[in-house]
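Have a look at the structure below, then the notes.
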Amino acid sequence: MNKKILILLCTLLFGFGIASAQEVQKSDLQQRAENEDANGHVATARYLYIKAFDEYSDQGKLEQGIPCAAQAAGMYYKENYYREAFDLLRRADQVVTNKVTVSSQANALHYQLTKVRLQMYMKLHRSASAQEQLNIMERQVDAAEDEKLKDDLLYNKAIFYYTFGQNERGNAVFQEMSDRMTASEDYDKVDEVYQTLIESGRRAGNASMVSLAYSNYTEWKDSVTAIKHAKEVDALKQQIATHEATIADKDSSLSSRSTVIVGLSILAAILAAVLVLGALAFMRVIAVNRKQKNTIKEERENNALKARFINNIAAQLTPTLQKLDGKNAEVKALRDFAEHVQTLASLDSTANESVELEDIQVQPFCESLLEEIRGKVKKDVELISKAPKMSAKVNKEYVTHILRHLLNNAAVFTPEGGHITLDFKKRSAHTQQFLVYNTGSDIPEEKRNDVFKPFLEVKDLSTGDGLGLPICRQMALKMDGDLSIDPTFSKGTRFVLDLHI
């Protein structure tokens, strides 16, 4: 399972959190933080969550304060501020150690903070560190002696195994959790978890994960349907047995026996009707599930066939296009399109292959890329490099291609008197970022995800084929990284190239 899935599963992990036994009154700071969070004001919401944590800590209300600290830490690392997130978690752990004397309560609170660390290491794809946090969580659950924590731990273990490609172990743990909830008849929660897991796989474009989760969900759904029908039948049988006992007790009364017999007949008719309706409903569920399975399989096969077909057409067109006049704008557009299609297909077919890394000097590397666009920018546009004097390990070919494309786009869309900036940040020992941002109009929020999707719409090739950013995104993913648009940047557009080494 790649990191896209992980990014999409983080929402699921927070949503499956531990509910308190009873609702408590939230402080004004916490309510304001939740409102700002709901409105997308990340920095303000994070600040208010931290203030709420400090206020609760001063009042000794750590049951309310620790979730606020965990939420703020999660908001930090989602924006790649890992150091700040770890610092906040350490401070919260220290508060629990100093102020909570009951071992079970302290371990339950520590568990919430350790879970955030687990999620951070999974996002960083550091399996050893994530496994260490999972081991700590198991010890904390044992000490806390809380059944809800045990369910939450099982869920996090399943996500850990799925994240690092251990699907069989993930299935086993997920099945254990499903069995526990099914035994307690918490069918709605199990159904919600399965549905969320399937949706996460769909958003990540991972057909294998969707198929696997859907298969498990179908089996569970069928078994629960059978259990419910069996209980309904048992209940009706119990009613029949009760009426039969009534008949035996009132054997001396003919009228009483007649009344009970009529009741039994009615119940028998109801039982027969329920069994027939249940059988019809059960057959319908099986038919729908089979159809959806076939649809998923056909979509996966069709996507593979389409990719091979398009790549084959591009390969056959290339020799012919090379013979035509390259000065003609339409011919050039067709050549570029054929080349882009082949590049995209090649990246997709080799997505699981590793790439070679080499050391570069960041400052001269960034400055040389800015120099390439100096003659392409509009009047009085300032080119700014914020790259430090240091070395970095990257795949130079892919990083050069991505940054060159982003800078060329910035040169086109930056108005006169604006500025274009190329920045580099070292986020941690194994995480680094290149940032390209420019002044001018930003990309509308509803189109930010679409710009990375190939073949989304039919375009006039003379104005571009729309494959530049999808190719850059595929290159970033192949380097175990990602390319995204910063939603918090409001003075233009900022692209963020995340790289993990």
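The values are calculated or read from the model by the stated rules, or taken from the named source; none is laboratory data. Just so you know, these numbers come straight off a predicted model, no measurement behind them. Here Cβ is always computed from backbone atoms with ideal geometry, including for glycine, and neighbour counts include all displayed protein chains. Each accessible area value is taken on the protein alone, full model and side chains, heavy atoms only, with ligands, DNA and RNA left out. Shrake-Rupley method; radii C 1.70, N 1.55, O 1.52, S 1.80 Å.
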Tally up the residues in region 71-81 that are part of a helix (DSSP H, G or I), open to solvent by 10 Å² or more (accessible area, probe 1.4 Å) and either in contact (Cβ under 8 Å) with a residue 40 or more places away in the chain or of a type outside the set (A, V, I, L, M, F, W, C) (or both), please.
3
Search result, residues across region 350-382 that are touching a residue at least 40 places away in the same chain (Cβ under 8 Å) and open to solvent by 40 Å² or more (accessible area, probe 1.4 Å)
351, 353, 357, 378
Condition first: open to solvent by 60 Å² or more (accessible area, probe 1.4 Å) and part of a helix (DSSP H, G or I). Now tell me which residues in region 35-47 satisfy that.
35, 38, 43, 44, 47
Suppose we filter 434, 455 for residues that are at positive phi and aromatic (Phe, Trp, Tyr); which single one remains?
455
Residue in region 318-334 that is under 30 Å from residue 214 (Cβ atoms), open to solvent by less than 80 Å² (accessible area, probe 1.4 Å), among the hydrophobic types (A, V, I, L, M, F, W, C) and modelled with pLDDT of 70 or more present
no
Contact list please: Cβ distance under 8 Å, first residue in region 25-44 and closer than 14 Å to residue 75 by Cα, second residue loosely packed, with under 13 Cβ neighbours inside 10 Å, pairs at least six apart or on different chains.
42/488; 43/488
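To keep it simple, each residue is scored yes or no on (1) assigned to a helix (DSSP H, G or I); (2) of a type in the set (Ser, Thr, Tyr); (3) open to solvent by 30 Å² or more (accessible area, probe 1.4 Å).
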| residue | (1), (2), (3) |
| --- | --- |
| 49 | yes, yes, no |
| 65 | yes, no, no |
| 88 | yes, no, no |
| 101 | no, yes, yes |
| 116 | yes, no, no |
If you check residue 476 against the conditions, is it in a helix (DSSP H, G or I) and in contact (Cβ under 8 Å) with a residue 60 or more places away in the chain?
yes
Restricting the first residue to region 396-408 and requiring it to be over 20 Å from residue 377 (Cβ atoms), which pairs with a second residue that is open to solvent by 30 Å² or more (accessible area, probe 1.4 Å) meet a Cβ separation below 6 Å and a spacing of at least six or different chains?
396/358
Check on residue 446, modelled with pLDDT under 90, over 14 Å from residue 377 (Cβ atoms), assigned to a helix (DSSP H, G or I) and of a type in the set (Asp, Glu)
yes
Go through 141, 193, 173 for me and flag whichever is on the phi < 0 side of the Ramachandran plot and at pLDDT below 75.
193
If you take the residues in region 103-114 that are within 24 Å of the chain's Cα centre (by Cα) and either open to solvent by 20 Å² or more (accessible area, probe 1.4 Å) or among the aromatic types (Phe, Trp, Tyr) (or both), which one is farthest from residue 80 (Cα to Cα)?
111
